[in-house]
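The structure appears right after this line, and notes come after that.
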Amino acid sequence: MQTALVTGASTGIGLATAVTLAKSDYTVTATVRSLDSADGLRRAADAAGVELAITVLDVTDQDSVDSAVEGVLAQHGQLDVLVNNAGRGRVGTTERIDVDQLQATLDVNLIGVWRMTRAALPHMRTRGTGRIVTVTSIGGVVAQPFNDAYCAAKFAVEGMMESLAPVAAEFGVDVILIEPGAVATNFVQNVDGLSTVGDPDDPYLPLLQTYLTNMAAVFDQAQSPQDVADVVLAALTDVSPKLRYQTSDSVTERAATKLADTTGSEALEVSRKRLTQS
């Protein structure tokens with residue numbers, strides 16, 4: 001039986017992924033930042049009739065990362081799958097985000113992934129097998145307005161994993177990126193920076209309000225966390241896994257357009273419409 005460690009599993013994609021893998025006969029350790037936030041995960045596991053271990057993990061704390069990985073290895077003797085899912089959004093332009101806020105965003109979305117991967121990889125490399133799955137975003141392929149810090153982190157994760165993938169493959173370790181679009185979770189409600197929306201001194205306020213209105217319509221058509229979890233499972237069970245998996249046809253179309261748009265003009269035009277048309 002394969003062993004999986006899933007970060008950011010208290011809600012949303014992480015919760016759905018942890019339960020889905022447990023239902024598929026993986027031995028799952030699901031991590032949360034606080035056990036106080038684990039009730040929903042426990043209820044979901046009970047409803048699915050599965051067992052999984054729940055442990056505390058803060059991806060911004062190296063000791064916490066090491067403890068979680070070492071705990072799985074001590075209990076099970078192996079770690080076959082790492083799912084890097086923990087993440088946090090931040091709304092704002094470069095001018096409105098200070099360096100400390102940028103660092104906090106990078107620490108969860110980029111450096112946290114780096115810490116987890118660096119902790120798990122030596123064991124997988126030594127065994128000659130393993131899969132490292134990282135949930136990124138369409139925002140790591142096509143930048144979104146007012147997501148300067150978040151997209152910077154997600155673009156960097158994409159680059160990190162694309163660079164690591166061919167090297168890790170030489171040791172039998174598959175590196176996989178999952179790219180969702182809009183997903184119906186509480187991620188948006190928890191985005192940092194939303195509390196400042198409405199500041200009358202913000203010169204970007206009219207553009208930001210139009211953008212948020214347009215994005216609300218996008219999220220009305222959002223995928224479910226289970227849709228994304230199903231893609232994660234498909235990637236893990238793919239005999240010859242690909243580097244990237246988009247979670248819907250619309251995300252695949254946007255990614256393909258970006259890759260074909262070598263000047264960036266078309267991508268910027270789509271973004272401009274979200275700022276000026278309602």
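The values are calculated or read from the model by the stated rules, or taken from the named source; none is laboratory data. This structure is a prediction, so every number in the text was calculated from the model and none was measured. Heads up, the Cβs are rebuilt from the backbone with ideal geometry, glycines too, and the neighbour counts pull from every protein chain shown. Keep in mind that these areas ignore ligands, DNA and RNA; they rest on the heavy atoms of the full protein, side chains included. Shrake-Rupley method; radii C 1.70, N 1.55, O 1.52, S 1.80 Å.
Among Thr210, Thr11, Thr29, which one moves the most in a GNM of the chain with springs linking Cα atoms closer than 10 Å?
Maximum fluctuation in the GNM of the chain, among the listed residues, is at Thr210.
Apply the Karplus curve 6.51 cos²θ - 1.76 cosθ + 1.60, θ = phi - 60°, to the phi angles in the range 104-112 and return the couplings in whole Hz, x for Gly and Pro.
These are the phi-based 3J(HN,Hα) values: 5, 5, 5, 5, 7, 7, 10, 5, x Hz.
Pick from Arg43, Arg244, Arg115 the residue whose mean-square fluctuation is largest in a GNM of the chain, springs joining Cα atoms under 10 Å.
Among Arg43, Arg244, Arg115, the largest mean-square fluctuation in the Gaussian network model of the chain belongs to Arg43.
Can you list which of the GluC sites (Glu not before Pro) found in the range 48-127 are DSSP loop residues with at most 12 other C-beta atoms within 10 Å?
On the way: sites: Glu51, Glu70, Glu95; in loops: Glu51.
Within the range 48-127, the qualifying GluC sites (Glu not before Pro) (loop, at most 12 other Cβ atoms within 10 Å) are Glu51.
Per the Kirkwood formula on distinct C-alpha pairs, the Rh of the range 99-248 is how many angstrom?
16.9
For the chain, what is the mean residue ellipticity at 222 nm derived from helices alone (per DSSP H run of n ≥ 4: -39500 (n - 2.57); sum divided by total residues; nearest 500 deg cm²/dmol)?
-15500 deg cm²/dmol
Suppose the chain between Asp63 and Leu212 were pulled fully straight at 0.36 nm per residue; how much longer would it get relative to their current alpha carbon spacing? Write down the numbers at each step before the final one.
Details: separation 149, 0.36 × 149 = 53.64 nm, distance 3.74 nm.
So the chain would gain 49.9 nm between Asp63 and Leu212.
Relative to the compact globular guide of 2.2 N^0.38 Å, what is the alpha carbon radius of gyration of the chain, as a ratio?
For the chain, the normalised Cα radius of gyration comes out at 1.00.
Determine the order of Glu269, Glu158, Glu253 by accessible area, beginning with the largest, at a probe radius of 1.4 Å.
Ranking Glu269, Glu158, Glu253 by accessible area, largest first, yields Glu253, Glu269, Glu158.
Kindly report the accessible area of the range 227-278 per residue (heavy atoms of protein chains, probe 1.4 Å, no ligands, DNA or RNA), in Å². All intermediate terms of the calculation are to be shown ahead of the outcome.
Values: 3240 Å² over 52 residues.
Result: 62 Å² of accessible area for each residue.
Cα axis of helix 265-276 to longest principal axis of the chain: angle in degrees, 0 to 90, nearest 10?
70
Using a 7 Å offset from the Cα along the Cα-to-Cβ direction at both Ala260 and Lys273, what is the distance between the two label points in nm, to one decimal?
Each label point lies 7 Å from its Cα, and together they span 1.5 nm.
Please give the helix 249-260 orientation as an angle from the longest Cα principal axis of the chain, in degrees from 0 to 90, rounded to the nearest 10.
70
Just Thr136, Thr213, Thr17 to compare: in a GNM of the chain, with alpha carbon springs under 10 Å, which one fluctuates most?
Thr213
To check my understanding: the extent here is largest minus smallest coordinate of the Cα atoms along each principal axis. What are those three numbers for the range 1-64, in Å, largest first?
Over the range 1-64, Cα extents along the principal axes are 31, 24, 17 Å.
What is the calculated FRET efficiency for Ser250 to Leu205, with r their C-beta to C-beta distance and R₀ = 30 Å, to the nearest 0.05? If you can, show how the numbers build up before the last one.
Numbers: r = 29 Å, r/R0 = 0.97.
My answer for the efficiency is 0.55.
Once you have the Cα-Cα distance between Ala184 and Met1, take 0.36 nm times their residue separation minus that, and quote the gain in nm to one decimal. Each step should come with its number before you reach the end.
Numbers: separation 183, 0.36 × 183 = 65.88 nm, distance 3.12 nm.
Using 0.36 nm per residue and subtracting the Cα-Cα distance, I get 62.8 nm.
Quick one: with all protein chains in place, what share of the accessible area of the range 89-240 is carbon or sulfur, to the nearest percent (1.4 Å probe)? Spell out each step's value before the answer.
Details: 3820 of 6870 Å².
After summing per-atom areas, the C and S share lands at 56 percent.
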